[in-house]
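To start, the structure under review is shown below, and the notes come after it.
The values are calculated or read from the model by the stated rules, or taken from the named source; none is laboratory data. In this text, all values refer to a predicted model and were calculated from it rather than measured experimentally. Every residue, glycine as well, gets a Cβ built from its backbone with ideal geometry; the counts of neighbours run over all protein chains shown. These area figures cover heavy atoms from the full protein model, side chains too; ligands, DNA and RNA do not enter into them. Shrake-Rupley method; radii C 1.70, N 1.55, O 1.52, S 1.80 Å.
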Amino acid sequence: MIWLSWRQFRVQALAGAVALVLAAAYLVYLGGDIRDAHDVYRSKCGGRADCAEPRAQFRSAYESTLLFLAAGLGLVPAVLGTFWGAPLVARELEAGTHRMVWNQSVTRGRWLLVKLLVVGAAAMVVTGTAAALLTWAAAPFDEVVENRFGTFEFGARNVAPVGYAALAFTFGAVAGLVLRRTLPAMAVTLAGFLVFQFLFPNLVRPGLMPPERTTLPMTAQAINQARSLGSIGGGAVVGGVRIPDEPDAWISDLSPLRTADGRNLGERRFNACLDSPPRTGATGTFGDTAVCLGKLRLHVAVAYHPADRYWAFQWAETAVYLALSGLLAAFGLWRVRRRVT
């Protein structure tokens, strides 16, 4: 049964191997290039109190490329679930070839379980290898930028992508078992897993552990270190706030800007500093705007997860995805024994 599953899968396996070799060649080249640039950054930054300019140069050189690669790797489990998982059972049910196997003293459960294990293991190996290569290539960049909890970055590094691949593949296989048609199963798998990938980091991941809470004063310097200023839902906000003692912490919740009395900063007052601040000649990311806002003695309430929880989140999220994959596999085994004829 294992040999039969492998023979049916060999074309997809060859395509996956070729794609992985090409990706590996590029990531090895990129990793070497990033390490050379990192050496230059360290030579410029060594002995200097302010490394903002060399850091910004190093970041701008690779941020877009690594973000694109992280987003691409995030799509790999969905693609494998769509093209490897969904047709796995649906194609045989459509063609009726499953009956031949079942008449050869192979039980339905064994038939499905072997398929899931052989092809599912291949999907996890391909995704895990690509994630390991990207993690290695981006390591110097992640060390400098300190944004490992970013939505795309977190899902494309270390062990979490392996769990994603397992769930996407199993979801596709079970969708094919239930729908019994290849194309509808592929469409459901692709759309369903992409929606799940969007919802999980935003709704579930922050609640995997209780956050720490603190209040940060928004001085002119702190505002200049933020990544954006804007207004969301009528509240004046800053984006990309960093906690001074936890530079790589994940900020899971951030209040609007608040005045000294604890009230939210009014949008009119915020816009006055944003649109026409008093001219002070200040430099920095937001210049005069930061000085204007800093004089208001603002602060924000922050819920965050310290940087040392990174691996705990990686393993917790991987465990959730593997557990869901196991539940889907158990449902598939029940379904094929009781419902599929």
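Compared with the dominant principal axis of the Cα atoms in the chain, helix 182-199 is inclined by about 30°.
Positive end of the dipole of the chain (Cβ unit charges, origin at the Cα centre): among LEU322, LEU177, GLY150, the Cα lying farthest that way belongs to LEU177. Using the Cβ-Cβ distance between LEU327 and GLU143 with R0 set to 41 Å, the FRET efficiency from 1/(1 + (r/R0)^6) comes to roughly 0.65.
For the peptides 158-166, 29-37, the ranking by packing is 158-166, 29-37, with the highest mean count of neighbouring Cβ atoms within 10 Å listed first. Close amide-amide hydrogen proximity is noted between GLY240 and ARG227, each under 5 Å apart and 5 or more residues distant or on a separate chain (H modeled in the peptide plane; Pro and chain starts excluded). When log10 I(q)/I(0) by the Debye sum over Cα atoms at q = 0.11, 0.13, 0.15 Å⁻¹ is calculated for this entry, the matching label among (1) -0.75, -1.01, -1.26; (2) -0.95, -1.09, -1.22; (3) -0.83, -1.01, -1.19 is (3).
Report note on the peptides 168-175, 205-212, 150-157: ranked by the mean count of other C-beta atoms within 10 Å, highest first, their order is 168-175, 150-157, 205-212.
Per atom type, the chain shows carbon and sulfur on 60% of its accessible surface, probed at 1.4 Å.
Find out how many positive minus negative residues lie around ALA249, taking Lys and Arg as positive, Asp and Glu as negative, among other residues whose Cβ is under 11 Å from that of ALA249.
-3
Dipole of segment 139-271 computed with +1 at Lys/Arg Cβ and -1 at Asp/Glu Cβ about the Cα centre; of GLY163, ILE251, ILE223, farthest Cα towards the positive end is GLY163.
What relative contact order, as a whole-number percentage, does segment 163-260 give when Cα pairs under 8 Å and 6 or more residues apart are counted? Relative contact order of segment 163-260: 15 percent. Under the simplified labelling scheme, the ASP253-LYS44 pair shows an inter-label distance of 4.0 nm, with each label point 7 Å from Cα along Cα→Cβ. Give the angle, between 0 and 90 degrees and rounded to the nearest 10, that separates the Cα long axis of helix 160-179 from the longest principal axis of the Cα atoms of the chain. Helix 160-179 sits at roughly 40 degrees to that axis.
Using 0.36 nm per residue, how much length does the chain from ASN202 to THR215 gain when fully extended, once their Cα-Cα distance is taken away? If you can, show how the numbers build up before the last one.
Working: separation 13, 0.36 × 13 = 4.68 nm, distance 2.23 nm.
Full extension of this stretch gives 2.5 nm more.
Around the Cα centre of the chain, unit charges on the Cβ atoms of Lys, Arg, Asp and Glu (plus for the first two, minus for the last two) sum to a dipole of about 1480 debye.
Evaluate the relative contact order of the chain (contact order divided by residue number), counting alpha-carbon pairs under 8 angstrom at least 6 apart; express in whole percent. Value for the chain: 21 percent. Taken as Cα centroids, segment 253-296 and segment 127-179 sit 38 Å apart, rounded to the nearest whole angstrom.
Summing Lys, Arg as +1 and Asp, Glu as -1, what charge do residues with Cβ under 12 Å from the Cβ of THR259 carry, THR259 excluded? Summing Lys/Arg as +1 and Asp/Glu as -1 gives +4.
Compared with the dominant principal axis of the Cα atoms in the chain, helix 310-338 is inclined by about 30°. Computed with a 1.4 Å probe over protein heavy atoms only, the accessible surface of the chain comes to 51 Å² per residue.
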